[in-house]
Amino acid sequence: MSKYDDNELLEQLKKSHSEVTPKNSFKEELESTLINRFNHKSKNKLWMPMTGMAVAVVLFLLLVLTLDDTLGQPGTPVEDTEPRVLIYHTHNHESFLPALGIESEGEEAMHHAFDETINVTISGGYLKQDLIEHGIKSIHLQHDIMEELAEADLPYKESYTLSRRYLEATLDQYDDIDLVLDIHRAIEPWEKTTTSIHGENVAQIVMVIGMEHPNYTENHALAKALSEKLNDIHPDLSRGVKLLSGPPRNGIYNQDVHPHSILLEIGGYDNSLEEIQYSTKYLARAISELFETS
């Protein structure tokens with residue numbers, strides 16, 4: 001074993017674990033204990049370095065066990081935090097022609113852009129992972145609303161009634177949700193749902209707010225703020241906010257359940273999954289910036 005003098009061994013411990021931030025009082029106590037221990041010279045020169053190293057390791061383990069509690073501070077693992085974003089999909093079978101291997105032949109091709117497995121739930125999965133990169137935990141609901149509609153023989157307009165049950169149940173379970181996103185895709189063709197950022201094609205995002213409930217103005221204000229954050233990142237990344245009401249539209253979109261609810265259309269039926277994935281990365285960044293300023 002290599003021989004270290006007192007200060008060399010102490011410095012080795014400091015350098016090897018420089019990322020650890022102990023309490024100052026414990027750090028001073030550790031340094032004093034190590035120096036005192038190694039200043040006590042043993043007649044047995046062979047055992048002295050080995051004994052000193054063993055004591056140092058034990059003391060370091062005690063140091064780790066007495067670190068300040070950092071839960072909720074920068075660097076805390078996302079899985080140890082409370083979820084702040086709830087992602088769900090009312091029209092979960094909405095899909096993208098390129099991902100289905102179907103060539104677009106005009107707007108009529110949109111009617112083929114539906115699938116049980118390759119659909120907008122993938123967009124939600126992308127966003128969930130991208131939010132983790134910004135330290136934001138989210139919940140991603142993936143209930144098959146379309147299948148439930150078919151099994152119950154209900155009309156398409158009842159999809160919001162079905163998704164509402166899952167939405168309310170989840171919000172009852174989690175008190176710290178700051179943002180609720182119902183993710184869809186748009187019905188416009190590629191040239192109307194795509195922009196270019198740094199040479200990459202990126203699916204644009206549009207916000208939809210229903211006006212047929214008393215508190216829609218809160219949702220509208222949030223949607224405008226998020227749209228502005230997106231366009232601060234790149235002009236026309238957001239296609240803006242649509243205010244909808246009146247038949248045959250739903251007009252509420254379950255946004256009366258939470259004051260910070262937005263229906264998002266990420267891309268359209270002609271966009272590729274790669275273009276969707278580029279978009280969700282920017283969306284996660286905009287959400288992070290929105291949280292920082294709100």
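The values are calculated or read from the model by the stated rules, or taken from the named source; none is laboratory data. What you see is a predicted model; the values in this text were computed from it and never measured. All Cβ positions, even for glycine, are placed from backbone atoms using ideal geometry, and neighbour counts span all protein chains on display.
Consider segment 257-286 and keep the residues that are outside any loop (DSSP other than H, G, I, E, B) and hydroxyl-bearing (S, T, Y). The one that is surrounded by the most Cβ atoms within 10 Å (Cβ to Cβ) is S279. Of the residues making up segment 153-172, those that are loosely packed, with under 10 Cβ neighbours inside 10 Å and in a helix (DSSP H, G or I) are Y156, D172.
Across segment 97-112, what is the total count of residues that are in contact with an Asp or Glu (Cβ under 8 Å, 6 or more places away or on another chain) and either outside the structural domain of R185 (by TED's automatic domain parsing) or part of a loop (DSSP other than H, G, I, E, B) (or both)? Selection size over segment 97-112: 1.
Applying the set (1) closer than 21 Å to A284 by Cβ; (2) out of contact with any Phe, Trp or Tyr (no Cβ under 8 Å at 6 or more places or on another chain); (3) acidic (D, E); (4) not in a helix (DSSP H, G or I) to D182 leaves exactly one unmet item: (2).
Name the single residue, out of those in segment 127-151 being within 9 Å of the chain's Cα centre (by Cα) and in a helix (DSSP H, G or I), that is surrounded by the most Cβ atoms within 10 Å (Cβ to Cβ). Talk me through it step by step, then tell me what you get.
From segment 127-151, those within 9 Å of the chain's Cα centre (by Cα) are 127-139; that's our starting set.
Checking which are in a helix (DSSP H, G or I) leaves us with 127-132.
On the way: L127: 27, K128: 19, Q129: 15, D130: 21, L131: 25, I132: 15.
So, considering only residues that are within 9 Å of the chain's Cα centre (by Cα) and in a helix (DSSP H, G or I), the one surrounded by the most Cβ atoms within 10 Å (Cβ to Cβ) is L127.
Does E218 satisfy the criteria of being within 24 Å of S163 (Cβ to Cβ), in contact with a strand residue (DSSP E or B) (Cβ under 8 Å, 6 or more places away or on another chain) and among the acidic types (D, E)? The answer is no for E218. For beta carbons closer than 8 Å, sequence separation of 6+ or different chains, a first residue in segment 96-108 that is touching a residue at least 40 places away in the same chain (Cβ under 8 Å) and a second that is hydroxyl-bearing (S, T, Y) and surrounded by 10 or more Cβ atoms within 10 Å (Cβ to Cβ), the qualifying pairs are F96/Y269; F96/S272; L97/S104; L97/Y269; P98/S272; A99/S272; S104/Y269.
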